[in-house]
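Below is one structure; the comments refer to it alone.
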Amino acid sequence: GTPKEELPELTDDFVKTLGTVENVEDFKTKFRENMKLEKENRSRESNRLNIMEKILEGTTATIPNILVEAELDRMMYRMKMDITGMGLSYEEYLKHLGKEEKVMRDELRADAVKRVKMELLIAEIAKKENVVPDAAESEKQVEEIMRGYPGADLERAKAYVEQIQINEQVFKILEGK
């Protein structure tokens, strides 16, 4: 038979190979902290989604179709990148699901409408509350992105970083912090 795969023993020497940990105790502590952070992030995300859902329920604004189509394009592009990034063929993936791209797109439409409404709402609140991104912080984050992804589009990186900062500030306002 084939030899059974042995898991490495949890020793101080082994955990040091995992990164910036001193010993097994330190590893366990960091692992627990990480799990706690994960949980907090998930709960914060879900809380924020609930806040947005409640606000969106009250909005009756009609969303320009061009914005929905653009968001659908982005969502489809991200999905293709995720699938090919896992080493799969997008066409095979669709075939496996037994769906055409148009059907996938239609299924994502409601989600796209919700995302566009959320973006417009965040932009509106940001304007009313004079929320602006922190220039120094933006610059630092853009530099990190450019280092991590050489050849990335600088303007897109700036827009991305600033949008995330604005979202963060708006949610703090909505959460009453």
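The values are calculated or read from the model by the stated rules, or taken from the named source; none is laboratory data. On a predicted model such as this, the values are computed, not experimentally measured, just so you know. A quick note on method: Cβ atoms are made from the backbone with ideal geometry, for glycine too, and the neighbour counts reach across all protein chains shown. Keep in mind that these areas ignore ligands, DNA and RNA; they rest on the heavy atoms of the full protein, side chains included. Shrake-Rupley method; radii C 1.70, N 1.55, O 1.52, S 1.80 Å.
Tell me whether segment 1-14 contains one or more residues that are within 26 Å of the chain's Cα centre (by Cα) and modelled with pLDDT under 85. No, because not a single residue in segment 1-14 is within 26 Å of the chain's Cα centre (by Cα) and modelled with pLDDT under 85. Selection of segment 148-160 for residues being aliphatic (A, V, I, L, M) and closer than 18 Å to Arg115 by Cα yields only Ala159. Would you confirm, using the coordinates I've provided, whether Arg42 is assigned to a helix (DSSP H, G or I), basic (Lys, Arg) and closer than 25 Å to Ile173 by Cβ? Criteria met by Arg42.
For segment 48-76, the set of residues classified as open to solvent by less than 50 Å² (accessible area, probe 1.4 Å), modelled with pLDDT under 80 and not in a helix (DSSP H, G or I) consists of Thr59 only. When you check Leu88 against the structure, is it aliphatic (A, V, I, L, M) and in a loop (DSSP other than H, G, I, E, B), yes or no? For Leu88, the condition - aliphatic (A, V, I, L, M) and in a loop (DSSP other than H, G, I, E, B) - is met. Among the residues of segment 77-109, those that are of a type in the set (Lys, Arg), open to solvent by 100 Å² or more (accessible area, probe 1.4 Å) and within 29 Å of Tyr160 (Cα to Cα) comprise Arg78, Lys102.
Looking only at segment 111-151, residues that are at pLDDT 90 or above, closer than 30 Å to Glu57 by Cβ and either loosely packed, with under 15 Cβ neighbours inside 10 Å or hydroxyl-bearing (Ser, Thr, Tyr) (or both) come to 5 in all. Assess whether Val170 counts as being surrounded by 17 or more Cβ atoms within 10 Å (Cβ to Cβ) and closer than 23 Å to Asn47 by Cα. Yes. For the criterion of being farther than 22 Å from Asn41 by Cβ and of a type in the set (D, E, K, R), Lys102 passes. Going through (1) loosely packed, with under 13 Cβ neighbours inside 10 Å; (2) part of a helix (DSSP H, G or I); (3) modelled with pLDDT of 90 or more one by one, Arg156 falls short only on (3).
Inspect all residues belonging to segment 15-25 and state whether any of them is assigned to a helix (DSSP H, G or I) and either under 30 Å from Ile173 (Cα atoms) or at pLDDT below 75 (or both). Yes, segment 15-25 has at least one match.
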